[in-house]
Amino acid sequence: SGTRKKGLRNAIIYGASIIIIYILIGFLVTLIMGPNGLNQLSTNAIFNLIFFSIFVVFALSFFGAFEITLPASWINKSESMSDKGGLIGIFFMAFTLALVSFSCTGPIIGTVLVEAAVGGSYAGPLLVMFGFSSALALPFALFAMFPQLLQSLPKSGGWLNTVKVTIGFVELALSLKFLSVPDLTYHWHILDREVFLVLWIVIFAMLGFYLLGKLKFSHDSDLPFVTIPRLFFAITSFAFAVYLIPGLWGAPLKAIAGFSPPKGTQDFDLFEAAHQAQEKNNQEKKNADIFHAPPGINAWFDYNQAMAVGKKLGKPVMIDFTGWGCVNCRKMEEYVWSTPEVSKMLNDNYVLVSLYVDDRTPLPQAEQYVSKVTAKNIRTLGNKLADFQTQYLKTNSQPYYVLLDADGKQLAPPSGSNFDKEIG
């Protein structure tokens with residue numbers, strides 16, 4: 001760079017270029033699909049299966065089955081542009097870094113973009129990519145400012161492959177979330193709660209064995225002894241696997257609330273006897289063969305029926321706009337509703353009706369119609385409930401809670417998720 005001042009300036013430009021490149025990637029993803037389109041796709045079976053397959057492919061790549069790389073011609077072209085010098089050259093040096101590191105950063109980017117994009121807004125992917133690129137750019141910018149720091153870097157070796165394989169196990173576990181969403185919304189009953197937990201227990205137990213050197217992949221180096229960090233990571237992985245085991249018999253697992261399928265999908269539950277009265281009452285509830293209330297909660301699943309019950313009992317109706325793929329909905333149920341004070345209040349003081357806006361149960365032909373708000377065909381039960389929320393409440397977010405009196409008038413402003421367990 002010639003001078004110290006110019007060198008610092010070029011290093012800052014280099015780091016900023018890395019951030020800009022990754023933010024552009026996030027912007028293009030949301031621009032092509034659109035925020036609302038991504039939100040609608042979040043419970044679509046085909047796209048969730050595609051995301052599930054992508055995560056599995058990413059995991060296999062980290063395990064060493066193959067390497068995901070971009071065409072060499074792209075990298076060579078970018079390198080030739082970086083030789084031009086000036087600001088353009090610095091930008092293409094950053095672009096070359098992005099291309100060369102794609103085999104490592106691609107799976108991580110894909111993971112966070114999918115998770116952020118299905119949230120339904122432009123802000124999510126852009127913020128995620130800003131955070132990711134800032135963390136990636138910072139060390140490269142610092143090394144560009146202070147080249148002597150490069151001598152203190154740890155040498156690449158087997159530890160880097162250990163990091164990749166560990167991330168691969170985590171990617172494999174997260175992939176099951178995308179398989180679970182269509183399984184719930186379409187009622188396939190392939191990945192019920194106990195099956196999901198068994199797979200997670202096996203995955204994290206195998207990660208623990210891998211970290212102890214009992215399981216090796218083709219690119220792993222020999223492990224003459226277990227280092228202290230590996231030991232503690234292995235203990236954490238084994239501890240998490242053991243923590244999941246009681247869930248196979250129906251124990252609540254609040255640490256993974258929102259990720260695992262709801263308890264209503266579990267076939268064997270030691271706590272089932274405590275809720276036999278609730279299940280007996282479900283026989284008179286419409287749609288109770290499709291939906292299941294959280295343990296200890298008396299919920300209805302049809303708006304008109306719930307309003308009639310509320311008028312008969314003289315209780316206000318609490319509408320719970322929820323969804324199979326809604327993580328915060330499950331967290332509210334498992335963190336807040338499960339507390340004795342809250343569950344007692346819901347059961348004694350309100351008539352609760354849970355409306356699943358993403359359910360894919362087909363409506364009878366006579367009940368299908370065209371929405372007056374979106375002009376779209378309403379063909380499923382979830383479509384109908386989502387259209388109801390959009391038409392009368394001007395929102396489509398979940399969870400969304402509305403209190404109504406017997407005449408359908410709102411008693412308080414609607415609210416979303418709030419993990420404060422205190423009853424005011």
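The values are calculated or read from the model by the stated rules, or taken from the named source; none is laboratory data. From a predicted model like this one, the values you see are computed outputs, not experimental measurements. Using ideal geometry, Cβ is built from the backbone for each residue, glycine included, and neighbour counts are taken over all protein chains shown. Protein only, heavy atoms only, side chains kept; ligands, DNA and RNA dropped before computing areas. Shrake-Rupley method; radii C 1.70, N 1.55, O 1.52, S 1.80 Å.
Where does each of MET307, MET345 land when they are ordered by accessible area, with a 1.4 Å probe and the largest first?
Largest accessible area first, the residues go MET345, MET307.
Antiparallel versus total DSSP beta bridges in the stretch 307-424: what percent is that, nearest 5? Counting DSSP beta bridges with both partners in the stretch 307-424, the antiparallel share is about 60 percent.
These residues, TYR369, TYR210, go from largest to smallest accessible area, 1.4 Å probe, as TYR369, TYR210. Beyond a 27 Å Cα-Cα separation, which of these cross-linked pairs lie in this structure: LYS344/LYS384; LYS214/LYS331; LYS263/LYS285? In this structure, LYS344/LYS384; LYS214/LYS331 lie more than 27 Å apart at Cα. Heavy-atom accessible area for LEU126, with the other protein chains in place and a 1.4 Å probe, reaches approximately 50 Å². Only protein heavy atoms count here; on that basis, with a 1.4 Å probe, TRP249 has an accessible area of about 110 Å². Taking amide H atoms as placed 1.01 Å from N in the peptide plane, the amide H of THR380 lies under 5 Å from those of LEU363, each 5 or more residues away in sequence or on another chain.
Averaged over residues, the count of other Cβ atoms within 10 Å places the peptides 381-388, 14-21 in the sequence 381-388, 14-21, highest first. THR395 contributes an accessible area of around 30 Å² to the protein surface, as traced by a 1.4 Å probe with all chains present.
Ordered from largest to smallest accessible area (heavy atoms of protein chains, 1.4 Å probe), the residues HIS187, HIS292 come out as HIS292, HIS187.
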